[in-house]
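What follows is a single structure, written as C-alpha coordinates, with notes after it.
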Amino acid sequence: MRITLRQMEIFAAIARSQNVSRAAEALAMSQSAASSALVELERQFDCPLFDRIGKSLRLNSTGRGLMPRAEEMLARAAEIEGYLAGGTLGPLAVGATLTIGNYLATLVVAEYLRRHPASKIQLHVANTHSIVEQLTRYELDIGLIEGEANDPDLLLEPWLDDALVVFCAPHHALAKMGEANTAILAEQKWIVRERGSGTRALFDRVIAQAMPGLHIQLELEHTEAIKRAVESGLGIGCLSRLSLREAFRRGSLVEIRTPQFDLSRRFYFARHRQRHLSPAVQTFLALCRETSGDAAGTDTLQLPFIS
(Lines give C-alpha, C1' and ligand atoms only; values in the text may rest on other atoms or scores of the structure.)
Protein backbone atom coordinates (compact mmCIF):
# COMPACT_ATOMS: atom_id res chain seq x y z
CA MET A 1 0.00 0.00 0.00
CA ARG A 2 1.43 3.37 -1.04
CA ILE A 3 -0.53 5.47 1.49
CA THR A 4 0.44 5.46 5.18
CA LEU A 5 -1.62 6.40 8.23
CA ARG A 6 0.97 9.03 9.08
CA GLN A 7 0.41 10.73 5.72
CA MET A 8 -3.33 10.78 6.36
CA GLU A 9 -2.80 12.12 9.86
CA ILE A 10 -0.60 14.95 8.56
CA PHE A 11 -2.97 15.71 5.69
CA ALA A 12 -5.97 15.90 8.07
CA ALA A 13 -4.11 18.11 10.54
CA ILE A 14 -3.10 20.55 7.79
CA ALA A 15 -6.65 20.57 6.42
CA ARG A 16 -8.08 21.45 9.84
CA SER A 17 -5.59 24.20 10.66
CA GLN A 18 -5.07 25.41 7.05
CA ASN A 19 -1.46 25.96 8.05
CA VAL A 20 1.56 23.61 7.98
CA SER A 21 3.25 25.17 11.03
CA ARG A 22 0.18 24.80 13.26
CA ALA A 23 -0.42 21.25 12.03
CA ALA A 24 3.21 20.29 12.72
CA GLU A 25 2.98 21.75 16.21
CA ALA A 26 -0.21 19.78 16.91
CA LEU A 27 1.51 16.58 15.76
CA ALA A 28 4.74 17.31 17.65
CA MET A 29 6.88 17.25 14.52
CA SER A 30 8.96 19.76 12.60
CA GLN A 31 7.41 22.04 10.00
CA SER A 32 9.78 20.75 7.32
CA ALA A 33 8.80 17.13 8.04
CA ALA A 34 5.09 17.94 7.81
CA SER A 35 5.58 19.92 4.61
CA SER A 36 7.67 17.14 3.06
CA ALA A 37 5.03 14.53 3.94
CA LEU A 38 2.31 16.56 2.23
CA VAL A 39 4.45 17.20 -0.86
CA GLU A 40 5.27 13.49 -1.09
CA LEU A 41 1.58 12.52 -0.81
CA GLU A 42 0.63 14.89 -3.60
CA ARG A 43 3.62 13.81 -5.71
CA GLN A 44 2.82 10.10 -5.31
CA PHE A 45 -0.49 10.53 -7.08
CA ASP A 46 0.33 13.67 -9.08
CA CYS A 47 -2.71 15.20 -7.41
CA PRO A 48 -2.68 18.56 -5.56
CA LEU A 49 -4.93 18.56 -2.50
CA PHE A 50 -4.74 22.23 -1.50
CA ASP A 51 -4.92 25.66 -3.04
CA ARG A 52 -1.97 27.72 -1.77
CA ILE A 53 -3.06 31.22 -0.75
CA GLY A 54 -0.09 33.00 0.81
CA LYS A 55 0.81 30.99 3.92
CA SER A 56 -2.68 29.50 4.09
CA LEU A 57 -3.67 26.19 2.51
CA ARG A 58 -7.32 25.64 1.54
CA LEU A 59 -8.63 22.25 0.49
CA ASN A 60 -9.41 22.04 -3.21
CA SER A 61 -12.21 19.82 -4.52
CA THR A 62 -10.02 16.70 -4.43
CA GLY A 63 -8.86 17.48 -0.89
CA ARG A 64 -12.44 18.04 0.28
CA GLY A 65 -13.36 14.64 -1.12
CA LEU A 66 -10.40 13.00 0.60
CA MET A 67 -10.98 14.58 4.02
CA PRO A 68 -13.91 12.41 5.23
CA ARG A 69 -12.15 9.28 3.96
CA ALA A 70 -8.98 10.24 5.81
CA GLU A 71 -10.96 10.94 8.98
CA GLU A 72 -12.69 7.58 8.73
CA MET A 73 -9.34 5.81 8.22
CA LEU A 74 -7.87 7.53 11.28
CA ALA A 75 -10.97 6.79 13.37
CA ARG A 76 -10.83 3.11 12.43
CA ALA A 77 -7.13 3.01 13.27
CA ALA A 78 -7.90 4.49 16.71
CA GLU A 79 -10.55 1.80 17.22
CA ILE A 80 -8.03 -0.93 16.39
CA GLU A 81 -5.51 0.58 18.82
CA GLY A 82 -8.18 0.64 21.52
CA TYR A 83 -9.13 -2.94 20.83
CA LEU A 84 -5.54 -4.14 20.99
CA ALA A 85 -5.00 -2.12 24.17
CA GLY A 86 -7.74 -4.05 25.93
CA GLY A 87 -11.06 -2.79 24.62
CA THR A 88 -10.50 0.90 25.32
CA LEU A 89 -12.74 3.21 23.33
CA GLY A 90 -10.95 5.47 20.87
CA PRO A 91 -10.39 9.21 21.49
CA LEU A 92 -13.46 11.42 21.34
CA ALA A 93 -13.82 15.14 20.63
CA VAL A 94 -17.15 16.60 21.77
CA GLY A 95 -18.36 20.14 21.15
CA ALA A 96 -21.11 21.72 23.23
CA THR A 97 -22.77 25.10 23.08
CA LEU A 98 -22.39 27.23 26.19
CA THR A 99 -25.66 26.41 27.91
CA ILE A 100 -25.33 22.68 27.31
CA GLY A 101 -21.60 22.68 28.02
CA ASN A 102 -21.85 24.51 31.33
CA TYR A 103 -24.93 22.82 32.75
CA LEU A 104 -25.27 19.38 31.16
CA ALA A 105 -22.40 18.13 28.97
CA THR A 106 -19.85 18.21 31.78
CA LEU A 107 -22.04 15.80 33.76
CA VAL A 108 -22.32 13.43 30.79
CA VAL A 109 -18.56 13.59 30.17
CA ALA A 110 -17.84 12.89 33.83
CA GLU A 111 -20.05 9.81 33.74
CA TYR A 112 -18.52 8.67 30.44
CA LEU A 113 -15.05 8.80 32.02
CA ARG A 114 -16.30 7.05 35.16
CA ARG A 115 -17.57 4.17 33.03
CA HIS A 116 -14.59 4.19 30.65
CA PRO A 117 -11.66 5.50 32.74
CA ALA A 118 -8.99 4.62 30.17
CA SER A 119 -10.71 6.59 27.40
CA LYS A 120 -9.65 10.02 26.23
CA ILE A 121 -12.28 12.70 25.67
CA GLN A 122 -12.04 16.40 24.89
CA LEU A 123 -14.92 18.80 25.53
CA HIS A 124 -14.93 22.07 23.58
CA VAL A 125 -17.46 24.67 24.78
CA ALA A 126 -18.37 27.59 22.48
CA ASN A 127 -21.41 29.20 20.90
CA THR A 128 -23.48 27.48 18.22
CA HIS A 129 -21.73 29.21 15.32
CA SER A 130 -18.29 28.07 16.54
CA ILE A 131 -19.39 24.48 17.19
CA VAL A 132 -20.94 24.23 13.72
CA GLU A 133 -17.72 25.54 12.14
CA GLN A 134 -15.63 22.98 14.04
CA LEU A 135 -17.96 20.18 12.95
CA THR A 136 -17.71 21.19 9.30
CA ARG A 137 -13.89 21.27 9.60
CA TYR A 138 -13.92 17.72 11.03
CA GLU A 139 -12.43 18.97 14.31
CA LEU A 140 -15.23 17.42 16.39
CA ASP A 141 -16.76 13.96 16.39
CA ILE A 142 -20.11 15.11 17.76
CA GLY A 143 -21.75 18.41 18.73
CA LEU A 144 -24.41 19.14 21.33
CA ILE A 145 -26.08 22.33 20.18
CA GLU A 146 -28.96 24.52 21.32
CA GLY A 147 -29.61 26.25 18.01
CA GLU A 148 -30.69 24.74 14.73
CA ALA A 149 -27.89 24.51 12.18
CA ASN A 150 -28.73 24.83 8.50
CA ASP A 151 -25.41 23.59 7.13
CA PRO A 152 -26.12 20.89 4.51
CA ASP A 153 -23.03 18.92 5.61
CA LEU A 154 -24.49 18.33 9.08
CA LEU A 155 -27.00 15.82 10.38
CA LEU A 156 -29.18 16.89 13.33
CA GLU A 157 -31.00 14.61 15.75
CA PRO A 158 -33.35 16.02 18.42
CA TRP A 159 -32.22 15.33 21.97
CA LEU A 160 -33.97 17.33 24.73
CA ASP A 161 -36.64 20.00 24.93
CA ASP A 162 -35.76 23.36 26.43
CA ALA A 163 -37.19 26.88 26.63
CA LEU A 164 -35.90 30.40 27.15
CA VAL A 165 -37.14 32.34 30.17
CA VAL A 166 -37.30 36.10 30.76
CA PHE A 167 -36.08 36.99 34.25
CA CYS A 168 -35.09 39.82 36.56
CA ALA A 169 -33.64 40.53 40.00
CA PRO A 170 -36.01 40.06 42.96
CA HIS A 171 -35.87 43.80 43.71
CA HIS A 172 -36.75 44.76 40.12
CA ALA A 173 -40.14 46.40 39.54
CA LEU A 174 -41.26 43.51 37.28
CA ALA A 175 -40.55 40.88 39.94
CA LYS A 176 -43.82 41.53 41.77
CA MET A 177 -45.85 41.60 38.55
CA GLY A 178 -45.04 37.99 37.71
CA GLU A 179 -46.17 38.51 34.12
CA ALA A 180 -45.35 41.29 31.67
CA ASN A 181 -46.97 42.32 28.40
CA THR A 182 -45.03 43.34 25.31
CA ALA A 183 -45.44 47.10 25.92
CA ILE A 184 -43.85 46.86 29.37
CA LEU A 185 -41.03 44.63 28.13
CA ALA A 186 -40.27 47.10 25.32
CA GLU A 187 -39.44 49.73 27.95
CA GLN A 188 -36.83 47.60 29.70
CA LYS A 189 -33.05 47.44 29.43
CA TRP A 190 -31.97 43.98 28.28
CA ILE A 191 -28.82 41.96 28.97
CA VAL A 192 -28.51 39.22 26.36
CA ARG A 193 -26.20 36.67 24.75
CA GLU A 194 -23.92 37.55 21.84
CA ARG A 195 -24.86 37.09 18.19
CA GLY A 196 -23.89 33.64 16.92
CA SER A 197 -25.37 31.84 19.92
CA GLY A 198 -28.51 29.72 19.64
CA THR A 199 -30.02 31.59 22.58
CA ARG A 200 -29.56 34.97 20.88
CA ALA A 201 -30.95 33.67 17.59
CA LEU A 202 -34.21 32.58 19.24
CA PHE A 203 -34.38 35.80 21.29
CA ASP A 204 -34.01 37.92 18.14
CA ARG A 205 -36.51 35.84 16.18
CA VAL A 206 -39.24 35.94 18.82
CA ILE A 207 -38.77 38.80 21.28
CA ALA A 208 -36.67 41.41 19.46
CA GLN A 209 -38.77 41.07 16.31
CA ALA A 210 -41.89 41.91 18.31
CA MET A 211 -40.27 45.00 19.84
CA PRO A 212 -38.42 47.14 17.27
CA GLY A 213 -35.91 49.48 18.90
CA LEU A 214 -35.37 47.18 21.86
CA HIS A 215 -32.80 48.61 24.30
CA ILE A 216 -29.91 46.15 24.50
CA GLN A 217 -27.91 47.32 27.51
CA LEU A 218 -25.24 44.60 27.37
CA GLU A 219 -24.23 41.66 25.17
CA LEU A 220 -22.24 38.99 27.03
CA GLU A 221 -20.85 35.63 25.96
CA HIS A 222 -21.41 33.76 29.22
CA THR A 223 -24.66 32.92 30.95
CA GLU A 224 -23.19 33.36 34.43
CA ALA A 225 -22.07 36.89 33.57
CA ILE A 226 -25.58 37.71 32.35
CA LYS A 227 -27.10 36.31 35.54
CA ARG A 228 -24.75 38.37 37.72
CA ALA A 229 -25.50 41.54 35.73
CA VAL A 230 -29.25 40.99 36.06
CA GLU A 231 -28.90 40.24 39.79
CA SER A 232 -27.15 43.60 40.21
CA GLY A 233 -30.13 45.39 38.66
CA LEU A 234 -28.63 46.44 35.32
CA GLY A 235 -31.61 45.11 33.37
CA ILE A 236 -33.60 41.99 32.58
CA GLY A 237 -32.37 38.90 30.74
CA CYS A 238 -33.48 35.93 28.70
CA LEU A 239 -31.71 32.58 29.07
CA SER A 240 -32.34 28.85 29.06
CA ARG A 241 -34.44 27.56 31.95
CA LEU A 242 -31.74 24.93 32.41
CA SER A 243 -29.22 27.64 33.33
CA LEU A 244 -31.61 29.43 35.71
CA ARG A 245 -32.99 26.62 37.86
CA GLU A 246 -30.59 27.02 40.76
CA ALA A 247 -30.97 30.83 40.80
CA PHE A 248 -34.77 30.51 40.80
CA ARG A 249 -34.55 27.98 43.64
CA ARG A 250 -32.34 30.31 45.71
CA GLY A 251 -34.52 33.30 44.91
CA SER A 252 -31.61 35.35 43.55
CA LEU A 253 -33.47 35.70 40.24
CA VAL A 254 -37.19 35.75 39.43
CA GLU A 255 -39.00 34.52 36.34
CA ILE A 256 -41.14 36.97 34.37
CA ARG A 257 -43.88 35.04 32.61
CA THR A 258 -44.34 35.92 28.91
CA PRO A 259 -47.19 33.75 27.58
CA GLN A 260 -47.39 35.91 24.45
CA PHE A 261 -44.06 34.48 23.25
CA ASP A 262 -43.24 30.91 22.21
CA LEU A 263 -39.70 30.48 23.50
CA SER A 264 -39.56 26.69 23.32
CA ARG A 265 -36.68 25.03 21.51
CA ARG A 266 -34.70 21.80 21.34
CA PHE A 267 -31.21 20.64 22.03
CA TYR A 268 -29.72 18.61 19.17
CA PHE A 269 -26.99 16.12 18.45
CA ALA A 270 -25.08 17.39 15.42
CA ARG A 271 -22.48 15.55 13.36
CA HIS A 272 -20.90 15.71 9.92
CA ARG A 273 -22.83 13.47 7.56
CA GLN A 274 -19.59 12.04 6.12
CA ARG A 275 -17.91 11.43 9.47
CA HIS A 276 -17.53 7.86 10.68
CA LEU A 277 -19.74 7.06 13.68
CA SER A 278 -17.13 5.38 15.87
CA PRO A 279 -17.89 3.12 18.86
CA ALA A 280 -16.80 5.98 21.13
CA VAL A 281 -19.36 8.32 19.55
CA GLN A 282 -22.07 5.66 19.70
CA THR A 283 -21.31 5.02 23.37
CA PHE A 284 -21.35 8.73 24.19
CA LEU A 285 -24.66 9.27 22.36
CA ALA A 286 -26.23 6.32 24.17
CA LEU A 287 -25.18 7.88 27.46
CA CYS A 288 -26.67 11.22 26.43
CA ARG A 289 -29.94 9.50 25.58
CA GLU A 290 -30.08 8.14 29.11
CA THR A 291 -30.62 11.74 30.09
CA SER A 292 -34.38 11.96 30.47
CA GLY A 293 -36.78 14.71 31.43
CA ASP A 294 -37.85 17.88 29.73
CA ALA A 295 -35.21 20.60 30.10
CA ALA A 296 -37.93 23.22 29.70
CA GLY A 297 -40.70 21.94 31.88
CA THR A 298 -39.47 20.12 34.99
CA ASP A 299 -37.86 21.38 38.18
CA THR A 300 -35.07 18.83 38.08
CA LEU A 301 -33.39 17.51 34.98
CA GLN A 302 -33.33 13.78 35.54
CA LEU A 303 -29.89 12.28 35.06
CA PRO A 304 -30.36 8.66 36.09
CA PHE A 305 -26.62 7.98 36.30
CA ILE A 306 -25.90 10.89 38.67
CA SER A 307 -26.39 10.25 42.36
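Key figures for this structure:
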read-out: Residue identified as under 18 Å from the mean Cα position of the chain (by Cα) and crowded, with 16+ Cβ neighbours inside 10 Å among 273, 265, 289, 245; value: 265
read-out: Out of 104, 113, 135, sole residue that is within 30 Å of residue 57 (Cβ to Cβ) and not assigned by TED's automatic domain parsing to the domain that holds residue 204; value: 135
read-out: Only listed residue being in contact (Cβ under 8 Å) with a residue 12 or more places away in the chain, touching a Cys at 6+ places or on another chain (Cβ under 6 Å) and not aromatic (Phe, Trp, Tyr), chosen from 132, 108, 125, 94; value: 108
read-out: Single match in 137, 200, 193 (criterion: closer than 21 Å to residue 258 by Cβ and in contact with a helix residue (DSSP H, G or I) (Cβ under 6 Å, 6 or more places away or on another chain)); value: 193
read-out: Residue 72 vs. criteria touching a His at 6+ places or on another chain (Cβ under 6 Å) and either closer than 17 Å to residue 278 by Cα or of a type in the set (A, V, I, L, M, F, W, C) (or both); value: yes
read-out: Counted residues, region 224-242 - those being within 22 Å of the chain's Cα centre (by Cα) and farther than 17 Å from residue 204 by Cβ; value: 5
read-out: Count - residues of region 232-258 that are closer than 15 Å to residue 190 by Cβ, not in a strand (DSSP E or B) and not β-branched (Val, Ile, Thr); value: 5
read-out: Residue identified as outside any helix (DSSP H, G or I), within 29 Å of residue 116 (Cβ to Cβ) and at pLDDT 95 or above among 269, 261; value: 269
read-out: Residue within region 34-45 that is of a type in the set (Ser, Thr, Tyr) and in a strand (DSSP E or B) present; value: no
read-out: Selection count, region 183-199, where residues are in a helix (DSSP H, G or I), at pLDDT 95 or above and closer than 22 Å to residue 161 by Cα; value: 0
read-out: Where residue 227 falls short, out of the listed (1) surrounded by 20 or more Cβ atoms within 10 Å (Cβ to Cβ); (2) in a loop (DSSP other than H, G, I, E, B); (3) at pLDDT 95 or above; value: (2)
read-out: Breaking point among (1) without any contact (Cβ under 8 Å) to a residue 12 or more places away in the chain; (2) touching a Lys or Arg at 6+ places or on another chain (Cβ under 7 Å), for residue 150; value: (2)
read-out: Answer from 81, 111, 133 - the residue that is among the charged types (D, E, K, R) and at pLDDT below 90; value: 81
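For every residue, the table says whether it meets (1) touching a Gly at 6+ places or on another chain (Cβ under 7 Å); (2) over 30 Å from residue 159 (Cα atoms); (3) surrounded by fewer than 21 Cβ atoms within 10 Å (Cβ to Cβ).
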site: 15; (1), (2), (3): yes, yes, no
site: 31; (1), (2), (3): no, yes, yes
site: 40; (1), (2), (3): no, yes, yes
site: 49; (1), (2), (3): yes, yes, no
site: 64; (1), (2), (3): no, no, yes
site: 73; (1), (2), (3): no, no, yes
site: 80; (1), (2), (3): no, no, yes
site: 84; (1), (2), (3): no, yes, yes
site: 94; (1), (2), (3): no, no, no
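Residue by residue, here is whether (1) over 20 Å from residue 182 (Cβ atoms); (2) among the hydrophobic types (A, V, I, L, M, F, W, C); (3) modelled with pLDDT of 95 or more holds:
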{"residue": "222", "(1), (2), (3)": "yes, no, no"}
{"residue": "236", "(1), (2), (3)": "no, yes, yes"}
{"residue": "247", "(1), (2), (3)": "yes, yes, yes"}
{"residue": "255", "(1), (2), (3)": "no, no, yes"}
{"residue": "278", "(1), (2), (3)": "yes, no, no"}
{"residue": "298", "(1), (2), (3)": "yes, no, no"}
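The values are calculated or read from the model by the stated rules, or taken from the named source; none is laboratory data. Given the structure is predicted, the values throughout are model-derived calculations rather than measurements. When we count neighbours, we look across all protein chains shown, and the Cβ atoms used for this are built from the backbone with ideal geometry, even at glycine.
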